[in-house]
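Visitor: After the structure tokens below, expect a handful of questions from me.
The values are calculated or read from the model by the stated rules, or taken from the named source; none is laboratory data. Remember, it's a predicted structure, so these values are computed and weren't measured experimentally. Positions of Cβ are generated from backbone atoms using ideal geometry, with glycine treated the same way; all protein chains shown enter the neighbour counts.
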Amino acid sequence: MVQLTYQIQARQQTSLTPRLQQSVKLLQMSTLDFNHEVAQAIASNPFLEDPADNSTTSDTPWADPAADPPPETNLPGQRHQENGETDRPENQKPDNGSATVERVEDTLSDAPATYSGDYPRAYNHDRTDNDVGLWAQSQINLQDILRASLCGYKLNARERCLTEFIIEALDPDGYLRTAFSDLADAKQFRPAVSASEWITALKLVQQLGAPGLGARDLSECLALQLSALPDGTAGLELARRIVARALDQLGRCDYSGLTRLMACTEQQTKQACALIRRLNPRPAACFTPIDPSCYVVADAVVRRVGKLWVTMANQDTAPQVRLNNTYAKLFRESRGGDRSPMTHALQEARWLVRSLEQRNTTIQRVAQAIVARQQTFFDYGAVALRPMMLSEIADELGLHESTISRATSHKYLASPGGIFEFKYFFSRELATRSGGTCSAMAVRALIREMIEEENPEEPLSDVALAGKLAHDGIVVARRTVSKYRAQIKCPAAELRRAM
């Protein structure tokens with residue numbers, strides 16, 4: 001028989017309010033996702049407006065002393081400052097470098113005042129074909145290019161149909177990996193398509209684009225590219241024989257075996273292998289369409305001011321939103337009760353505006369701390385990257401490590417040397433012989449430089465790389481060197497060896 005009992009148990013539990021949960025969610029969003037989230041909020045909440053929209057005006061500031069304070073993204077029980085108060089980004093004045101850096105703004109002073117061309121009429125603006133989003137989504141792929149090239153050939157309907165079947169069956173690498181019998185239903189053609197017709201159509205496809213397209217395997221792909229070379233190319237005939245008969249040995253880098261099998265000299269084998277290495281095993285890779293929406297937006301920009309590198313917020317990409325005080329004032333004068341859905345919408349609008357400012361301030365503070373610690377990186381590159389942990393930035397800013405992790409997730413920093421994710425600058429430290437430290441990222445950059453400068457005929461092994469690092473004062477085990485070499489996508493010494 002089941003008996004009910006009472007039990008008293010003491011335990012600690014951390015609870016996150018819905019607002020705090022959403023604040024944490026917004027902090028770790030990328031700029032693109034956050035812009036989308038803000039746009040949805042503006043569309044669904046009548047108390048929010050975009051400052052760039054001139055259809056509504058707000059003549060009073062959004063701050064409301066009676067509003068509830070925004071939720072802190074630091075979790076309960078996390079770090080506090082020395083004065084006993086929890087660190088709040090909004091309590092600190094954001095320093096986006098405006099005191100030392102003058103924001104560069106594009107001007108249209110050189111643009112003509114009038115345009116004599118023909119503009120689309122206003123009534124056409126709501127047409128589907130005038131949607132810029134649809135234009136951005138249109139992509140030209142390999143099949144489109146080949147079909148356009150096919151227009152220059154005089155073909156009957158049957159030949160054109162067979163050719164287009166083959167074009168549609170090409171994979172992203174440009175290979176035809178489907179059997180002729182599976183390309184089309186036999187009932188579609190009367191009489192049935194013969195093998196010679198398929199071969200003729202395939203040879204036509206192989207002439208439409210880059211050499212190697214339409215090949216059925218790697219050997220045929222390389223052979224097609226060799227056939228496109230001039231007849232007098234050095235090592236061409238031997239390269240054709242190697243591709244046709246000894247591709248496996250070439251893949252194993254068995255150059256001595258190739259020399260014996262082909263009954264040639266070592267110099268001839270070296271010449272033919274060098275020619276084959278210049279071929280492209282994926283001829284359609286350059287035709288792979290790029291999704292225009294797959295790009296990153298920098299949250300902060302780094303510029304040199306005097307002898308120092310400083311950072312400032314990328315105001316051009318930060319979403320802008322403010323409280324529509326006109327609607328808020330009308331609602332306060334006419335509302336029927338605090339439990340009205342519009343009351344909740346007004347509270348959510350106030351909270352979102354504050355959360356946006358808090359998010360931007362937190363990200364900017366983290367970016368400033370990173371740049372201040374990595375000055376040498378922006379001067380000399382990855383080899384000068386200092387070891388840095390999330391906990392160090394958390395201690396410096398008085399925030400929890402999880403908050404720093406969210407603030408660096410999917411956030412990017414633009415510099416003259418390129419665009420880097422915030423997390424790129426965090427790397428564990430390795431000991432040096434002098435008692436100092438260096439970052440793992442800097443060691444990987446040194447390994448890459450050593451491999452790029454090595455003698456191709458005598459590539460450096462992992463043991464040799466570890467020895468060169470030790471000579472420079474960096475103590476790294478051979479297994480660590482092997483792991484770092486794999487991370488930078490450099491093959492082993494045996495595979496890098498050249499004749």
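Visitor: If I ask for residues that are exposed (fewer than 10 other Cβ atoms within 10 Å of the Cβ) and among the charged types (D, E, K, R), which ones from the range 1-35 would you list?
Guide: Arg11 - this is the single residue of the range 1-35 that is exposed (fewer than 10 other Cβ atoms within 10 Å of the Cβ) and among the charged types (D, E, K, R).
Visitor: Another question about this same structure. Taking the range 175-210 as the search range and keeping residues that are more than 23 Å from Gly152 (Cβ to Cβ) and of a type in the set (Phe, Trp, Tyr), which one is surrounded by the fewest Cβ atoms within 10 Å (Cβ to Cβ)?
Guide: Filtering the range 175-210 for residues that are more than 23 Å from Gly152 (Cβ to Cβ) and of a type in the set (Phe, Trp, Tyr), the one surrounded by the fewest Cβ atoms within 10 Å (Cβ to Cβ) comes out as Phe189.
Visitor: Quick one: which of Arg485, Arg428 is within 30 Å of Met312 (Cα to Cα) and touching a helix residue (DSSP H, G or I) at 6+ places or on another chain (Cβ under 9 Å)?
Guide: Checking each option against the conditions leaves just Arg428.
Condition check ((1) touching a Leu at 6+ places or on another chain (Cβ under 9 Å); (2) surrounded by fewer than 20 Cβ atoms within 10 Å (Cβ to Cβ)) across all residues:
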| site | (1), (2) |
| --- | --- |
| Ala313 | no, no |
| Asp316 | no, yes |
| Ala349 | yes, no |
| Tyr380 | no, yes |
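Visitor: Condition check: more than 21 Å from Asp379 (Cβ to Cβ), part of a helix (DSSP H, G or I) and of a type in the set (Val, Ile, Thr). Does Val481 satisfy that?
Guide: Yes.
Visitor: To continue, here is another question. Give the residue, chosen from Ser355, Ser409, Ser334, that is surrounded by 19 or more Cβ atoms within 10 Å (Cβ to Cβ) and of a type in the set (Ser, Thr, Tyr).
Guide: The match here is Ser355.
Visitor: Taking Cys438, is it in contact with a Pro (Cβ under 7 Å, 6 or more places away or on another chain), crowded, with 18+ Cβ neighbours inside 10 Å and outside the structural domain of Val24 (by TED's automatic domain parsing)?
Guide: So Cys438 passes the test.
Visitor: Going by the structure shown, is Ala414 outside the structural domain of Ala367 (by TED's automatic domain parsing) and either among the hydrophobic types (A, V, I, L, M, F, W, C) or within 22 Å of Asp379 (Cα to Cα) (or both)?
Guide: Here the answer is no, as Ala414 does not meet what is asked.
Visitor: Which of the residues spanning the range 212-236 are over 15 Å from Arg278 (Cα atoms), surrounded by fewer than 23 Cβ atoms within 10 Å (Cβ to Cβ) and not small (Gly, Ala, Ser)?
Guide: Selection gives Arg216, Asp217, Glu220, Asp231.
Visitor: Inspect the range 426-442 for any residue being under 23 Å from Tyr295 (Cα atoms), part of a strand (DSSP E or B) and acidic (Asp, Glu) and give the result as yes or no.
Guide: no
Visitor: Okay, next question. Taking the range 132-154, which residues are surrounded by fewer than 10 Cβ atoms within 10 Å (Cβ to Cβ) and at pLDDT 65 or above?
Guide: Scanning the range 132-154 gives Cys151, Gly152, Lys154.
Visitor: May I pose another question? What residue, of Arg386, Arg406, is in a helix (DSSP H, G or I) and either under 25 Å from Ser439 (Cα atoms) or assigned by TED's automatic domain parsing to the domain that holds Trp309 (or both)?
Guide: Being in a helix (DSSP H, G or I) and either under 25 Å from Ser439 (Cα atoms) or assigned by TED's automatic domain parsing to the domain that holds Trp309 (or both) holds for just one of Arg386, Arg406, which is Arg406.
Visitor: Please tell me if Val302 is assigned to a loop (DSSP other than H, G, I, E, B) and either in contact (Cβ under 8 Å) with a residue 24 or more places away in the chain or assigned by TED's automatic domain parsing to the domain that holds Leu26 (or both).
Guide: It is false that Val302 is assigned to a loop (DSSP other than H, G, I, E, B) and either in contact (Cβ under 8 Å) with a residue 24 or more places away in the chain or assigned by TED's automatic domain parsing to the domain that holds Leu26 (or both).
Visitor: So which of Leu469, Leu446, Leu413 ends up being over 26 Å from Lys25 (Cβ atoms), under 29 Å from the mean Cα position of the chain (by Cα) and in contact (Cβ under 8 Å) with a residue 12 or more places away in the chain?
Guide: Leu446
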